Amino acid sequence: MSKIQIKVNDNGSLRITGEVELIDGEGNVYTTKPTFSLCRCGFSNNKPFCDGSHKGKFESQVRVSAED
C-alpha cells in the first residue's frame with residue numbers, strides 16, 4: 001500500500017494524493033480521483049471539494065512548528 005499525501009496549500013485547499021475513500025457523515029461514499037482537493041474555506045459550491053472560490057477571499061498559511 002502506497003503512502004497517502006495530504007498537502008495544506010497556502011490560502012487554499014487540502015490536496016489529497018493517493019487511493020483514499022472519502023465518506024460523508026451518513027456513510028455515503030464520494031467518487032474521487034487519484035488526486036483531488038478538499039475545501040478549507042467554506043466558499044466552494046461543490047463541497048466538500050474545492051472549486052477555487054477561495055481565491056482572494058481566504059488566507060491561511062499553516063506550517064509545521066518545531067517541537068519543544
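The values are calculated or read from the model by the stated rules, or taken from the named source; none is laboratory data. Bear in mind that the values here come from a model prediction, so they are computed numbers and not experimental data. Here Cβ is always computed from backbone atoms with ideal geometry, including for glycine, and neighbour counts include all displayed protein chains.
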message: Would you confirm, using the coordinates I've provided, whether V29 is modelled with pLDDT under 95 and of a type in the set (A, V, I, L, M)?
response: no
First in the range 54-68 and acidic (D, E), second anywhere and surrounded by 10 or more Cβ atoms within 10 Å (Cβ to Cβ), Cβ under 8 Å, 6 or more apart: E59/N11
